[in-house]
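The values are calculated or read from the model by the stated rules, or taken from the named source; none is laboratory data. Since we're looking at a predicted model, the values are computed, not measured. Note that each Cβ is placed from the backbone with ideal geometry, even for glycine, and that neighbours are counted across all protein chains shown. Note: accessible area is taken over every heavy atom of the protein model, side chains too, but ligands, DNA and RNA are not part of it. Shrake-Rupley method; radii C 1.70, N 1.55, O 1.52, S 1.80 Å.
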Amino acid sequence: MQNVKLILTDIEGTTSSISFVKDVLFPYAADHLPAFVTENLNDEKVQTALQQTAELAAEDGENISADNTDALIAKLLQWISEDRKATPLKALQGLIWKTGYENGDYQAHMYPDATEYLKKWHDSGLPLYVYSSGSVKAQELFFGYSQDGNLLPLFKGHFDTLVGGKRETQSYLNILAELQKTHAGLNAADVLFLSDIEEELDAAKEAGMQTVWLLRDSDIPADAAHKAVKSFAEI
């Protein structure tokens, strides 16, 4: 890669296994969500998430009152099963996962090469940022309670779906605009985005960023539209 001044990385399938999120975090959130919401109805963050859930349901043509807790919980559980990238769901999951991490119920998975090279890049002075569909809070918990220890200090910042969907070019332009507030003179071409999802890379590339496609468990296509690698060691 040429003239990279900043690295923006995805999490699932890139720094960490998809199975950890799918087989550990999602079921944990699903199991604990009903009780968590019911017990924390007076919490401002929970109230906001429930209001946003009702609004999203309305956009889908469903009329659910913001004070119909049972119906909203059922909708949130449905979204978990569908793996819907809904912002209020991600916010609630982050709050629930915090308890699990702090209780030592699990530690976030990291690929050894990801931990090794994130540390190397950080030590070399390269700014590192995260862009994931999980909420910023969930990202901070993930890296703060990883199997390789607290990796949170490696990162200068985090982005989630509040900047837009990960397959939308505008999202990467929004991220660039935020980065330029801290890194004067930064251009899109100075940013390297890492992901395992081709459509995300397409969007980042259209925004002008450099891209690397992580294909850890898949064959690399001969006609890949992005530089494709098996591990961070090949970047």
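When you go through (1) open to solvent by 70 Å² or more (accessible area, probe 1.4 Å); (2) within 29 Å of Leu151 (Cβ to Cβ); (3) in a helix (DSSP H, G or I) one by one for Gln78, which number turns out not to apply?
Single failed check for Gln78: (2).
Considering the stretch 212-221 alone, what residues qualify as being aliphatic (A, V, I, L, M), over 23 Å from Asp83 (Cα atoms) and assigned to a loop (DSSP other than H, G, I, E, B)?
Across the stretch 212-221, the qualifying residue is only Ile220.
Among Val4, Val46, Val24, which is among the aliphatic types (A, V, I, L, M) and under 25 Å from Phe193 (Cα atoms)?
Result of the check over Val4, Val46, Val24: Val4.
If you check Gly100 against the conditions, is it loosely packed, with under 15 Cβ neighbours inside 10 Å and either at pLDDT 90 or above or among the hydroxyl-bearing types (Ser, Thr, Tyr) (or both)?
no
Which of (1) in contact with a Phe, Trp or Tyr (Cβ under 8 Å, 6 or more places away or on another chain); (2) free of Cβ contacts under 8 Å to residues at least 60 places away in the same chain does Ile175 not meet, given it meets every other one?
If we test Ile175 against (1) in contact with a Phe, Trp or Tyr (Cβ under 8 Å, 6 or more places away or on another chain); (2) free of Cβ contacts under 8 Å to residues at least 60 places away in the same chain, just (2) comes out false.
Quick check on this structure: which one of Gly164, Gly144 is at positive phi, within 15 Å of the chain's Cα centre (by Cα) and of a type in the set (Gly, Ala, Ser)?
Working: Gly144 fails: at positive phi.
Residue meeting the stated conditions: Gly164.
Among what's in the stretch 25-37 and is out of contact with any helix residue (DSSP H, G or I) (no Cβ under 7 Å at 6 or more places or on another chain) and modelled with pLDDT of 95 or more, pick the residue that is nearest to Lys166 (Cα to Cα).
If we take residues in the stretch 25-37 being out of contact with any helix residue (DSSP H, G or I) (no Cβ under 7 Å at 6 or more places or on another chain) and modelled with pLDDT of 95 or more, then Asp31 is nearest to Lys166 (Cα to Cα).
Would you say Ile73 is at pLDDT below 95, in contact with a Leu (Cβ under 8 Å, 6 or more places away or on another chain), surrounded by 15 or more Cβ atoms within 10 Å (Cβ to Cβ) and in a helix (DSSP H, G or I)?
The answer is no for Ile73.
Starting from the stretch 55-84, keep only residues that are under 29 Å from Asp23 (Cα atoms), then list their pairs with residues that are small (Gly, Ala, Ser) and surrounded by fewer than 12 Cβ atoms within 10 Å (Cβ to Cβ) whose Cβ atoms are within a distance under 9 Å, requiring at least 6 positions of separation or different chains.
Ala71/Ser65; Leu72/Ser65
Give Asp223, Asp219, Asp148, Asp160 a once-over and let me know the one that is under 28 Å from Gly100 (Cβ atoms), open to solvent by 50 Å² or more (accessible area, probe 1.4 Å) and of a type in the set (Asp, Glu). Show your work before the answer.
Values: Asp223 fails: under 28 Å from Gly100 (Cβ atoms); Asp219 fails: under 28 Å from Gly100 (Cβ atoms); Asp160 fails: open to solvent by 50 Å² or more (accessible area, probe 1.4 Å).
It is Asp148.
Go through (1) surrounded by fewer than 16 Cβ atoms within 10 Å (Cβ to Cβ); (2) small (Gly, Ala, Ser); (3) part of a helix (DSSP H, G or I) for Ala49 and report which single condition fails.
Status for Ala49: all satisfied but (1).
Restricting the stretch 1-46 to residues that are in a helix (DSSP H, G or I) and in contact with a strand residue (DSSP E or B) (Cβ under 7 Å, 6 or more places away or on another chain), which is surrounded by the fewest Cβ atoms within 10 Å (Cβ to Cβ)?
Checking each candidate, the answer is Ile18.
Considering the stretch 35-78 alone, what residues qualify as being among the hydroxyl-bearing types (Ser, Thr, Tyr) and over 23 Å from Trp97 (Cα atoms)?
If the condition is that a residue be among the hydroxyl-bearing types (Ser, Thr, Tyr) and over 23 Å from Trp97 (Cα atoms), then Ser65 is the only one that fits.
State the number of residues belonging to the stretch 169-211 that are in contact with a strand residue (DSSP E or B) (Cβ under 6 Å, 6 or more places away or on another chain), part of a helix (DSSP H, G or I) and open to solvent by 30 Å² or more (accessible area, probe 1.4 Å).
Summing the residues that are in contact with a strand residue (DSSP E or B) (Cβ under 6 Å, 6 or more places away or on another chain), part of a helix (DSSP H, G or I) and open to solvent by 30 Å² or more (accessible area, probe 1.4 Å) in the stretch 169-211 gives 1.
Quick check on Lys5: is it under 24 Å from Phe232 (Cα atoms) and modelled with pLDDT of 95 or more?
yes
Considering only the stretch 108-145, state which residues are part of a loop (DSSP other than H, G, I, E, B) and open to solvent by 40 Å² or more (accessible area, probe 1.4 Å).
Within the stretch 108-145, His109, Tyr111, Ser124, Gly125, Tyr145 meet the criteria.
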